[in-house]
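Every read-out reported here was derived from the displayed coordinates using simple, explicitly stated rules and does not represent laboratory data. This structure is a prediction, so every number in the text was calculated from the model and none was measured. With ideal geometry, Cβ positions are generated from the backbone for all residues, glycine too; neighbour counts draw on all protein chains shown.
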Amino acid sequence: MYSDLLKLEELVMKKNDLETLIKEQNELICEKYCEVKIGDEVTANGYSYSGKIIVASRIELARDQRGLHFIIHGQLKNKNGELSLNSGERIIIIDKNSMTIVK
């Protein structure tokens, strides 16, 4: 019983280490290949607030059935230039076949 718990603890530690490495690798990929940087103003094209200007606060790499894409999260910018409490997102799709960014 005790040895099983030690093995389980070891597996959990390995899982945590792998998750940390994957997160760090994703951040490096975003930093190197995403054309949008933290603080840039972009037009939201996510599910909410499409067409509004957002200020990028976080960039992440995601993968789903469509392939790889960058998701830029940020706060909406009001007409007076101040940041709103609302947030939106911009999705940048990476073409599966050519591995280029789709505009």
query = If each of Asp4 and Lys52 carries a label point 7 Å out from its Cα toward its Cβ, how far apart are those two points in nm?
reply = 5.2
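Taking the Cα centre of the chain as origin and charging only Cβ (+1 Lys, Arg; -1 Asp, Glu), how large is the dipole, in debye to the nearest 20?
On the way: 15 positive and 16 negative charges, 94 e Å.
My answer is approximately 460 debye.
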task = Rank Asn16, Asn80, Asn45 by mean-square fluctuation in a GNM of the chain with C-alpha springs under 10 angstrom and give only the top-ranked residue.
result = Asn80
note = With Cα coordinates, the longest principal axis of the chain makes an angle with the long axis of helix 2-33, in degrees rounded to 10, of 30
message = Restricting to DSSP loop positions (anything but H, G, I, E, B) with no more than 13 other Cβ atoms inside 10 Å of their own Cβ, which GluC sites (Glu not before Pro) remain in the range 20-77?
response = Glu35
key: Restricting the range 25-64 to trypsin sites (Lys or Arg not before Pro) in coil, as DSSP defines it, with at most 12 other Cβ within 10 Å   = Lys37
key: Nearest-20 debye value, the range 1-40 charge dipole, Cβ charges on Lys, Arg, Asp, Glu   = 80
message = How far apart, in nanometres, would the label points at Leu11 and Asn78 be if each is projected 7 angstrom from Cα along the Cα-to-Cβ direction?
response = 5.3
key: Relative contact order (%) - the range 2-93, alpha-carbon pairs under 8 angstrom, separation at least six   = 22
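Based solely on its DSSP helices, what 222 nm [θ] is calculated for the chain when runs of n ≥ 4 H residues each add -39,500 (n - 2.57) and the sum is averaged over all residues, nearest 500 deg cm²/dmol? Show your work: numbers first, answer last.
Working: 1 runs with 32 residues, N = 103.
When only DSSP H runs of four or more count, the value is -11500 deg cm²/dmol.
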ask   = Computed from these coordinates, which is Cα extents along the principal axes in Å: [x] 87, 38, 14; [y] 63, 37, 23; [z] 68, 26, 22?
value = [y]
